[in-house]
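Chemist: Before anything else, here's the structure in question.
What follows is calculated from the coordinates using simple rules that are stated; it is not laboratory data. Quantities reported herein were computed from a predicted structural model and do not represent experimental measurements. Note that we place each Cβ from the backbone using ideal geometry, even for glycine, and neighbour counts take in every protein chain shown.
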Amino acid sequence: MSSRKTDYLNMHDWVGTDPWRRSEISENFQKLDNKAKKLDESSASATAISSQAKTTAEGIDAKAESALTNSANAVQSATSANQVANAANANVIEAKGISDQALAVAQDAKTVSTSAESTSQSVRGELDRVIADAGGNNPEVVAARGNDVNLGARLNGLGQQLAEKIGQGVKAEPEDLSENTIALLTGQGSINLLSIPQDDSVTLDKMEPSLRVELSDFLDTITNENAPWEVV
């Protein structure tokens with residue numbers, strides 16, 4: 001029987017005259033075998049853990065590489081976006097410049113138009129004044145233009161009045177004429193020259209001698225047998 005035990009595995013340790021026992025030797029081998037088994041199991045477990053750690057590390061490395069690629073792509077996209085933004089900003093600035101130029105041109109055009117209109121009004125007023133002054137010494141011109149600035153304005157007003165009186169500006173048709181007018185146009189009516197204007201205000205005695213002669217000749221001409229009207 002052993003008199004001592006080992007410190008770590010507590011195996012039998014014989015010294016001196018300690019007798020050897022087979023059971024003690026078998027016990028020592030059993031302890032060694034168990035220890036070896038545990039070491040193998042620990043080694044296998046460590047190997048599995050190491051393999052798993054390696055797989056995990058490889059996965060982490062792949063993810064890190066993917067993250068790095070994504071980061072690079074993000075940087076590139078951000079750079080492209082920044083370039084597009086800068087180009088858009090430049091286009092906006094250019095468009096604003098063109099808009100400002102167009103506005104300035106429009107303002108200049110408006111100023112020129114206003115000046116031209118003012119000049120036109122001034123020239124027209126001056127022309128009316130000159131025309132009015134030119135006819136100011138002519139009683140017939142003064143009487144003809146009435147209260148208007150010039151004869152042109154007078155004629156325009158008379159034309160408008162005439163259009164309003166005759167069919168409100170609509171072309172007159174034959175059926176719009178009176179029976180007397182139609183009779184005169186067809187040669188079936190008669191005209192009393194001495195009653196134009198009415199109440200015998202115009203007579204041969206009131207006319208100048210030269211006009212009386214000319215009117216007499218005219219009456220002789222129109223009272224011949226071929227005249228399509230009757231003078232009474």
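Chemist: So, by mean Cβ neighbours within 10 angstrom, what's the order for 20-33, 94-107 with the highest one leading?
Modeler: 20-33, 94-107
Chemist: Something else now. Given Cβ point charges of +1 (Lys, Arg) and -1 (Asp, Glu) and nothing else, what value in debye, to the nearest 20, does the dipole of segment 4-129 about its Cα centre take?
Modeler: On the way: 14 positive and 17 negative charges, 121 e Å.
The dipole of segment 4-129 has a size of about 580 debye.
Chemist: Fully extended, how many nm does the chain gain between Thr47 and Val123 (0.36 nm per residue separation, minus their Cα-Cα distance)?
Modeler: On the way: separation 76, 0.36 × 76 = 27.36 nm, distance 11.11 nm.
Taking Thr47 through Val123 to full extension adds about 16.2 nm, to one decimal.
Chemist: OK, next. Residue by residue, what Karplus-based ³J(HN,Hα) values in Hz, rounded to whole numbers, does segment 80-95 have, using 6.51, -1.76 and 1.60 with θ = phi - 60° and x for Gly and Pro?
Modeler: After applying 6.51 cos²θ - 1.76 cosθ + 1.60, I find 5, 4, 5, 5, 4, 4, 5, 5, 4, 5, 5, 5, 5, 5, 5, 4 Hz.
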